[in-house]
Amino acid sequence: MKVLITGGAGFIGCHLSRRFIEKGHEVTVVDMLHPYYSIERKKRQLFFIEEAGNFSFYQLNLLDEEKTMQLFKELKPEAVVHLAAIPGVAPSLKQPLEYVDYDIKATINALKAAGETGTKHVLFASSSSVYGNQHGGPVKEEMATGQVVSPYAAAKYSAESFCQAYQHLYGFQLTILRFFTVYGPWGRPDMAMAKFIKKALKDQEIPLYGTHTTRDYTYIEDIINGIEASMYHEHETEIFNLGSSYPVAIEQLVSILTDHFPKLKSIQKGKRAGDVNHTWADISKANKLLGYKPQVTIEEGIRRTIEWFKAYEAY
Ligand SMILES: NC(=O)c1ccc[n+]([C@@H]2O[C@H](COP(=O)([O-])OP(=O)(O)OC[C@H]3O[C@@H](n4cnc5c(N)ncnc54)[C@H](O)[C@@H]3O)[C@@H](O)[C@H]2O)c1
């Protein structure tokens, strides 16, 4: 299948591109190499894809409507996995308009180009943040009501609405995937897991934002399995949570890291604005329709991530 992966030079994108190349798909990556984190690192992620086989790469900002349409006309992809966005909650508080541009406007350009050029299936990378602050048990897909707590989440929620609108206008198959705190090799350097491991390796104390907060950490390989399964599944429009359904308290995370770094020290910095207290995915829908079943425990995922850091990241 001809698959276009936007944001393919990013963390999730580089793993997904490799998987699709390995499965024999014709893969094209579109990425502007946004400086949200090091461009050098994104180039290394492109090399990581290259190790798996041939693919095409276009450096393009999807905010450029004309060039985006031109590229889609040229490629005529059968499926588009739209991962391109600027992620991260904290920076969205400082630069909310950037998120309107990169997470909403660029998405509209991709949706319009996909619709106009006959793309059969659009898969959109959304986020657990669209659930806002919910208390109690795991969240089901229908529980996102728009009561979000950060500009990043508002942008993702809005982009989901545009996906629905363009599905209605063009009739392509639409899959909205809500990822829950993804980590693993090549994990985004701005995320807690990567920051903590990097600091631990340098014998530096790790900053904690709040107490008893929980995150449904999901290992990258499980996320890729979920994206792949959803690409092959036939439906008109579906939303799926892709998480572990195993929330880990910050104290538990520190304890697992301490098994690897016995001298680990942490410092409490207090809760950050825009952060939700808990995330916990109900994954029964993805399990039932896609056969999605996370395989990698948090202990094993952290062990593999530390191994990767030691082998690939200078520290
Ligand atoms: N990593 C997670 O835990 C997580 C959780 C929930 C949702 N998501 C979503 O999954 C997607 C991928 O996340 P990631 O962690 O791989 O992030 P990432 O920053 O590593 O990858 C995103 C890529 O998109 C590219 N990009 C951004 N704007 C672009 C534009 N206008 N044109 C072309 N390229 C552009 C960036 O250069 C980057 O390489 C994002 O949409 C993110 O919001 C990620």
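The values are calculated or read from the model by the stated rules, or taken from the named source; none is laboratory data. Quick caveat: nothing in here was measured; it's all calculated off a predicted structure. Quick reminder, even Gly has a Cβ in these numbers, built from the backbone with ideal geometry, and neighbours come from all protein chains shown. Quick note on the areas: whole protein, heavy atoms, side chains included, nothing else; ligands and nucleic acids left out. Shrake-Rupley method; radii C 1.70, N 1.55, O 1.52, S 1.80 Å.
Specify the residue that is farthest from the ligand (Cβ to nearest atom); the eligible residues are those in region 21-36 that are assigned to a loop (DSSP other than H, G, I, E, B) and farther than 15 Å from I224 by Cβ.
Going residue by residue through region 21-36, those that are assigned to a loop (DSSP other than H, G, I, E, B) are 23-25, 31-36.
Cutting the leftovers down to farther than 15 Å from I224 by Cβ gives us 24, 31-36.
On the way: G24: 23, D31: 4, M32: 4, L33: 5, H34: 4, P35: 8, Y36: 6 Å.
This residue is G24.
Hey, among G115, G146, which residue is more than 12 Å from the ligand (Cβ to nearest atom) and open to solvent by 20 Å² or more (accessible area, probe 1.4 Å)? First the steps, then the outcome.
On the way: G115 fails: open to solvent by 20 Å² or more (accessible area, probe 1.4 Å).
Only one candidate qualifies: G146.
Collect the residues in region 171-196 that are open to solvent by less than 20 Å² (accessible area, probe 1.4 Å) and among the aliphatic types (A, V, I, L, M), keeping them in residue-number order.
Result: L174, I176, L177, V182, M193, A194.
I want to confirm something. Restricting to region 81-110 and keeping residues that are open to solvent by less than 10 Å² (accessible area, probe 1.4 Å) and touching a Leu at 6+ places or on another chain (Cβ under 9 Å), which single residue is nearest to the ligand (Cβ to nearest atom)?
Within region 81-110, the match that is nearest to the ligand (Cβ to nearest atom) is A106.
Out of D216, D222, I need the residue that is under 14 Å from the mean Cα position of the chain (by Cα), modelled with pLDDT of 95 or more and within 27 Å of K269 (Cα to Cα). Which one? It would help to see each step written out before you state the result.
On the way: D222 fails: within 27 Å of K269 (Cα to Cα).
Going through D216, D222 in turn, just one is under 14 Å from the mean Cα position of the chain (by Cα), modelled with pLDDT of 95 or more and within 27 Å of K269 (Cα to Cα): D216.
Is it true that I206 is over 21 Å from the mean Cα position of the chain (by Cα) and among the β-branched types (V, I, T)?
Numbers: over 21 Å from the mean Cα position of the chain (by Cα): yes; among the β-branched types (V, I, T): yes.
So I206 passes the test.
How about region 53-74: which of its residues are open to solvent by less than 30 Å² (accessible area, probe 1.4 Å) and either away from the ligand (no atom under 12 Å from the Cβ) or assigned to a helix (DSSP H, G or I) (or both)?
Restricting attention to region 53-74, the residues satisfying the condition of being open to solvent by less than 30 Å² (accessible area, probe 1.4 Å) are 53, 60, 62, 68, 71-72.
Within region 53-74, G53, T68, L71, F72 qualify.
Within region 118-143, count every residue that is in contact (Cβ under 8 Å) with a residue 40 or more places away in the chain, over 26 Å from M1 (Cα atoms) and away from the ligand (no atom under 15 Å from the Cβ).
6
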